[in-house]
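**Student:** One structure follows; several queries about it will come next.
Since every read-out is calculated from the coordinates, none of them should be taken as a lab result. Being a predicted model, the structure only gives us computed values, none of them experimental. Heads up, the Cβs are rebuilt from the backbone with ideal geometry, glycines too, and the neighbour counts pull from every protein chain shown.
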Amino acid sequence: MRRLNDTKPDDRDDSGVATIFVILAMTAMLVGAALAIDVGGYVAAARSAQNSADATVLAVATDCALNGAPIADYARYRKAGQTITTPACGSGESTITVTKTVDGLLLAQSAGDVDRSATARWGTLSRANTVPLVIADCEFRAPATGTIVTLYLDDPKPQSGCSSLPGGFSQLDKSECSVPISANGTVAGVPGVGGLQNKILCLTNPPPAAALPRTVLIPIYSTSACKAIDCKGKGPYLILGFAALEVSGYSFNGNVYDGSLGKKCPDEKDRGKYCIRGKYVEWVSSLGTPGPSTDYGVTQVYLYS
Amino acid sequence: MSRILKSHRHDDRGVVALEVVLVMPILLMLIIGTVVLGNFLNLKTQTTGLARDGARAASISRPLPADTMVVGAACANPSDPTKFVTVQATKTVSLRSIPFLPTVLPDKITETVTMRCGG
């Protein structure tokens, strides 16, 4: 105590003060640096876990929308050391939590498990950009998915007897190949077959050129609503929903893609000379907006949270 | 010589300055090291986020953000939900060495994220 209380100038000895200061400061700084690195590593692991959760839940939701059950192996959507909760299809919603154990690198203090969750929902498509054609709901008739059908676009007789329009088809009032359509909304049509050739090109080979087979969205209109207002070709058509048609071939005016169709459509005499061949497929889209509409095999998957 | 040293035996002027000179490089290495590693980890997190944004864009056939590229096959448009796409994001690390120490950090950070097409 004598030395501590002794403040006589001659006895003052401050050698080693800096050493003590440095030891204290160095300890604090080392702990700070180690903390910065460990927390940085934790944040990086959390970000990676969130990515894996997003990717996995989108894949699960896609399977739920298409098959009603998670069927695939989702390992490729996550990184080493990450585990996921069991994928399950809720009612239109699925949640996946990705967990990874993070060990402190420098502080020898385990940060525990990083948990990151993502929720995806699926539902019917309510708005999308489609080809400039509409098809009647009764003409769609929900054939078994995968059945090859031949559609006649200039059919002079309603084949099913259900439509007020030849063939149940109509062209939409657009010159472009991509038309914004809303389910539960209406859209105007153009009667006649003059522009059908261009519409078929939209279905089969739009710019930039895409090889067949190619899946296109086709809006489906309500036959009964159309009949009620006698919408002969001009509409307005009440759009119920969307179907996905995988177009595999076409034939018109001597232009042919699918060899089995031949230079002329199989039933040219009775049903017309503009025909496309394809099959309805179940299809998941992220390009439109989800909402209430009728499901014709096309659903929308989106990240909810 | 010994006479000169003897005459300064009880003279401790400059000791603090000497200690600071000895300790300062280590302190600076520690501070710079913290900054360099912090910057690296921040960049790594950013790259992971960028790879995720790229994968999401690629899965719905939208244009990719800068510094990202598709590894392997891209998604068809309209998408085939049975396929998947992997996107790689790369960022250059500008701060990667600590003075007086060998460089251990890589010059580029590469992260990949895989997503389902069309999902």
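**Student:** So what is the relative contact order for chain B, in percent, with contacts set as C-alpha pairs under 8 Å and at least six apart?
**Tutor:** 27
**Student:** Report, as an integer, the average count of C-beta atoms from other chains found within 10 Å of each Cβ along A:27-35.
**Tutor:** The per-residue average across the peptide is 2.
**Student:** Another question about this same structure. Once you average over the residues of A:214-226, how many Cβ atoms of partner chains fall within 10 Å of each Cβ?
**Tutor:** 1
**Student:** Hand me the trypsin sites (Lys or Arg not before Pro) from the stretch B:47-100 located in a DSSP loop with no more than 16 other Cβ atoms within 10 Å, in residue order please.
**Tutor:** Passing both the DSSP loop test and the Cβ count: B:Lys83.
**Student:** Could you list which residues have their amide H under 5 Å from that of B:Phe84, counting only those 5 or more apart in sequence or on another chain, with H placed in the peptide plane?
**Tutor:** Placed amide hydrogens put B:Cys117 under 5 Å from B:Phe84.
**Student:** Let me know the mean shielding of A:50-59 by other chains, meaning the per-residue number of their Cβ atoms within 10 Å of its Cβ.
**Tutor:** Taking the mean over all residues of the peptide, I get 6.
**Student:** Using the Cα centre as the reference, give the magnitude of the dipole from point charges on the C-beta atoms of chain B (Lys, Arg: +1; Asp, Glu: -1; all else neutral), rounded to the nearest 20 debye. Walk me through the numbers on the way to the answer.
**Tutor:** Working: 13 positive and 8 negative charges, 21 e Å.
Here chain B has a charge dipole of around 100 debye.
**Student:** Then there is this: Arrange the following residues from fewest to most other Cβ atoms within 10 Å of their Cβ: A:Tyr221, A:Tyr250.
**Tutor:** A:Tyr250, A:Tyr221
**Student:** Here's something else I'd like to know. Between A:Asp113 and B:Asp80, what FRET efficiency comes out of the Förster formula 1/(1 + (r/R0)^6) with R0 = 30 Å and r the beta carbon distance, rounded to 0.05? Walk me through the intermediate numbers first.
**Tutor:** On the way: r = 35 Å, r/R0 = 1.17.
Efficiency computed from Cβ-Cβ geometry: 0.30.
**Student:** Moving on. Contour minus end-to-end for A:Lys269 and A:Lys234, with contour as 0.36 nm per residue of separation and end-to-end as the Cα-Cα distance?
**Tutor:** On the way: separation 35, 0.36 × 35 = 12.60 nm, distance 2.56 nm.
Working it through step by step, the gained length comes to 10.0 nm.
**Student:** For the residues B:Arg9, A:Arg116, what sequence is obtained by ranking on other C-beta atoms within 10 Å, fewest first?
**Tutor:** B:Arg9, A:Arg116
**Student:** Given A:Lys199/A:Lys234; A:Lys100/B:Lys44; A:Lys199/A:Lys269; A:Lys79/A:Lys279, which pairs have Cα atoms separated by over 26 Å?
**Tutor:** Where the Cα-Cα span goes over 26 Å, the pairs concerned are A:Lys79/A:Lys279.
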